[in-house]
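*Asks:* I'd like to ask some things about the structure below.
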Amino acid sequence: MTKTLILALGLLAFGCAQARHEAKVDENGTAVANGDDDERVPLDQVPDAARKAAESAVPGATFTAAEKEIEHGTTVYSLEGTVDGKPCEVEVTADGKVTEIEKDGDDDHEDGDDDDGNDDD
């Protein structure tokens with residue numbers, strides 16, 4: 001019984017690891033985010049336009065970490081850091097379009113995608 005349980009857990013872990021590495025694509029073959037595709041990247045690998053846009057969006061912020069992901073076929077960087085000692089996060093495209101700002105750990109996100117006020121973009 002113990003061997004069966006260990007084997008089952010091993011297969012489950014292997015299956016989960018495989019699922020995390022499979023790229024998802026839409027009907028046009030464009031990579032899309034599956035919710036687990038955030039990739040940590042060094043800050044010096046964030047494009048200058050994205051980094052500068054994040055710094056302008058939250059003046060005085062000190063960014064300490066970054067993630068890269070694909071959202072709706074677009075590469076988006078999430079820069080994490082602090083401003084005035086409080087956590088902040090800015091999502092920005094590689095070309096410098098700010099799509100979301102989260103400061104102070106609040107749930108009131110600002111979005112830059114459209115004028116509908118929804119954060120579902």
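Every residue, every condition in (1) aliphatic (A, V, I, L, M); (2) modelled with pLDDT under 95; (3) surrounded by 14 or more Cβ atoms within 10 Å (Cβ to Cβ), yes or no:
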residue: 61; (1), (2), (3): yes, no, yes
residue: 71; (1), (2), (3): no, yes, yes
residue: 75; (1), (2), (3): no, no, yes
residue: 89; (1), (2), (3): no, no, yes
residue: 100; (1), (2), (3): no, no, yes
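*Asks:* Filter segment 73-87 down to the residues that are more than 18 Å from residue 59 (Cα to Cα) and not polar (S, T, N, Q) and list them by number. Please lay out each step first, then the result.
*Replies:* In the first step, residues of segment 73-87 are kept if they are more than 18 Å from residue 59 (Cα to Cα); the result is 73-76.
Result: 73, 76.
*Asks:* Test residue 57 against the stated conditions and say whether it is in contact with a Leu (Cβ under 8 Å, 6 or more places away or on another chain), hydrophobic (A, V, I, L, M, F, W, C) and at pLDDT 90 or above.
*Replies:* Details: in contact with a Leu (Cβ under 8 Å, 6 or more places away or on another chain): no; hydrophobic (A, V, I, L, M, F, W, C): yes; at pLDDT 90 or above: yes.
Considered against the rule, which asks whether it is in contact with a Leu (Cβ under 8 Å, 6 or more places away or on another chain), hydrophobic (A, V, I, L, M, F, W, C) and at pLDDT 90 or above, residue 57 comes out as no.
The values are calculated or read from the model by the stated rules, or taken from the named source; none is laboratory data. It should be emphasised that the depicted structure is a prediction, and the values quoted were computed from it without experimental measurement. Here Cβ is always computed from backbone atoms with ideal geometry, including for glycine, and neighbour counts include all displayed protein chains.
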